[in-house]
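K.L.:
The structure that follows is given in the form of structure tokens.
The values are calculated or read from the model by the stated rules, or taken from the named source; none is laboratory data. It should be emphasised that the depicted structure is a prediction, and the values quoted were computed from it without experimental measurement. Don't worry about glycine lacking a Cβ; one is built from the backbone with ideal geometry, like all the others, and counts go over all protein chains shown.
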Amino acid sequence: MQEFLAAFYIVRNKHVIDDVISNYLDNFPDDMFSISQTFEFVCGLDNEAAYALSCVMDDRVTSADFYEYPELIISGYIEAMANNIDGDLFKLKISEIDFDMSLYPLNIEDCFHSCSGAACITAMQKCHCLEYLLKLNKGNLRRLDISDGVYVTEIGNQLLSTVNLQDILLSSADCLEHLDITFYKHCIVFINEHQENDTLKNRL
């Protein structure tokens, strides 16, 4: 209840995001995840406040937060959709994304077979959320990790297609500082058609 009331106050008084919360996180950077529940409620209440708060948080993400922060942003997005926030208007800022950690326990075979079990269904939902967030933030990505060849597929409208990935990399060329991608021929079509190598790893 306390977190919801805090979220409601933030939505009604958006100036506190820059005036209070940003200063608080500057002084106590380790407390960013302590407001995670409040952030999720904000996402379910107001898209403008959610985006502003995500910008404040994203600017303060450290390397230690890299694996946790995408989970927080995904939770906020799912909360917004659950509350019927207009998906065409809703946006959150995320500049560092790790597909592999966020989408466990999907594996290579799941690319072409139906997922079963609650864990796989949740992972698939996260995957589609991340792809949507990637498209929205493709011009400001600082770090992108896509490993195990799970998420880049040859099917253009499923998971993260090779076409979408090329667009994302081109759009973020001026700001991308870290790129780690592992390609497996079982799951993707390379730009130069199918390759004979079992594994191609590109690490920049």
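K.L.:
Given (1) farther than 21 Å from C129 by Cβ; (2) part of a helix (DSSP H, G or I); (3) touching a helix residue (DSSP H, G or I) at 6+ places or on another chain (Cβ under 8 Å), identify the lone condition not met by V20.
P.N.:
In the conditions (1) farther than 21 Å from C129 by Cβ; (2) part of a helix (DSSP H, G or I); (3) touching a helix residue (DSSP H, G or I) at 6+ places or on another chain (Cβ under 8 Å), V20 misses (3) alone.
K.L.:
OK, next. With the structure loaded, tell me whether E48 is without any contact (Cβ under 8 Å) to a residue 40 or more places away in the chain, crowded, with 19+ Cβ neighbours inside 10 Å and more than 26 Å from L165 (Cβ to Cβ) or whether it fails that test.
P.N.:
On the way: without any contact (Cβ under 8 Å) to a residue 40 or more places away in the chain: yes; crowded, with 19+ Cβ neighbours inside 10 Å: no; more than 26 Å from L165 (Cβ to Cβ): yes.
No; evaluated as a whole, the condition is false for this residue.
K.L.:
Kindly state which helices (runs of 4 or more DSSP H) lie completely within the range 74-181 and contain at least 1 residues that are charged (D, E, K, R) and modelled with pLDDT of 80 or more. Before you say what the answer is, go through the steps one by one.
P.N.:
Working: elements: 99-103, 118-136, 162-171.
Per the criteria, 118-136, 162-171.
K.L.:
From the set of residues in the range 1-45 that are acidic (D, E) and surrounded by fewer than 15 Cβ atoms within 10 Å (Cβ to Cβ), which is modelled with the lowest pLDDT? Give the derivation first.
P.N.:
Just the residues of the range 1-45 that are acidic (D, E), to begin with: 3, 18-19, 26, 30-31, 40.
Going one step further and asking which of them are surrounded by fewer than 15 Cβ atoms within 10 Å (Cβ to Cβ), we end up with 18-19, 26, 30-31.
Working: D18: 94, D19: 94, D26: 92, D30: 83, D31: 87.
Per the stated criteria, the residue is D30.
So that you can scan it fast, the table gives a plain yes or no per residue for (1) under 27 Å from D145 (Cα atoms); (2) within 15 Å of the chain's Cα centre (by Cα):
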{"residue": "E3", "(1), (2)": "no, no"}
{"residue": "I35", "(1), (2)": "yes, no"}
{"residue": "D46", "(1), (2)": "no, no"}
{"residue": "E68", "(1), (2)": "yes, yes"}
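K.L.:
Between a first residue in the range 126-139 that is farther than 20 Å from H178 by Cα and a second residue that is in a loop (DSSP other than H, G, I, E, B), which pairs have beta carbons less than 6 Å apart while being 6 or more apart in sequence or on different chains?
P.N.:
C127/L159
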